[in-house]
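Worksheet for the structure shown next.
Please treat every number below as a calculation from the coordinates, not as lab data. A quick note: this is a predicted structure, and the numbers were derived from the prediction, not measured. For neighbour counting, all protein chains shown are included, and Cβ atoms are generated from backbone atoms with ideal geometry for every residue, glycine included.
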Amino acid sequence: MRLGRVCCALILVAFAVLLLVTFASEAAATPIGVTGTLTLNGSFGVFDLSGDRGFTLKSAVDAVGGREGPWNSCSPCRPGDPISPVALWSGTDLFGSTTLDGVQYRLGMCVGEPGCMEGIVSLNGPALIAPKFDETTSSVVILTEGGIQLTGVMSYCRSRPPPVDCPREELVGSGTLSLVLHSESCGPLGDCWILQSGVYELTPEPTTLLLFGTAMAGVGLARWKRRSQK
């Protein structure tokens, strides 16, 4: 009887260790959940993002150096036209600074260079539709009810080779997009809409909650095995 209890205890300890190792390996590969904003002002924008592991990203961007869908598809646009939410910047189009795990990096095109992080950040979602003109106001706000997805990859090196230590971190987030359109005269074509400003509001993906739920399921399984062996 005593030997059986010892064996049962050892099995539970081994299962707990295996669970912790599995959880740690999954957590290490977990994308960084990102929250924050991309604020648009005409053809210019500013990223102000933060996330897990002390991640931050602050960068100015513009429609010339990357792709700013709202500006590209609504400068001008007319009622009924689709407005693209797609926005993407990479390499030298992202210039500013970022931090991760307490270390600050500059942004740029610099794979293999310590102290520098190179990345690509993309936002996408359902298209918005330019509304009809309202005679009572010259500006209008349109927004999505969710559906905006942020994805990204950040590459950096912690030491010069050899050895090579250059991790890649994935970014994920979701949220909404709101745009302010202003009506202007477009000459012979009549009135049109021009993008005035906009905000992508981002919240982190619930990956942490998913991993926590997986761990709790493992603990429950261990308890069930212990009861069934009595």
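A straight chain from residue 48 to residue 141 at 0.36 nm per residue would run longer than the Cα-Cα distance by 31.3 nm.
As a rough footprinting exposure proxy, the listed residues 81, 52 were ranked by other beta carbons within 10 Å of their own, and the order from fewest upward is 81, 52. The string of couplings for region 132-139 from the Karplus curve (6.51, -1.76, 1.60, θ = phi - 60°) is 6, 6, 10, 5, 8, 8, 9, 10 Hz, one whole number per residue in order, with x for Gly and Pro. Dividing the convex hull volume of the alpha carbon atoms of region 32-205 by its residue count gives 93 Å³ per residue.
With only Cα atoms counted, region 57-122 has Rg and Dmax values of 15.0, 49 Å.
May I ask for the distance between the Cα centers of region 114-144 and region 53-80, given as a whole number of Å? Each part reduced to its Cα centre gives a spacing of 7 Å. Residues whose amide H comes within less than 5 Å of that of residue 191, counting only those at least five positions distant or on another chain, are 186 (H built at 1.01 Å from N in the peptide plane). Put in order of Cβ neighbour count within 10 Å, fewest first, the listed residues 128, 40, 143 become 143, 128, 40.
Computed over region 32-205, relative contact order equals 24 percent, with contacts defined as Cα pairs under 8 Å that lie 6+ residues apart.
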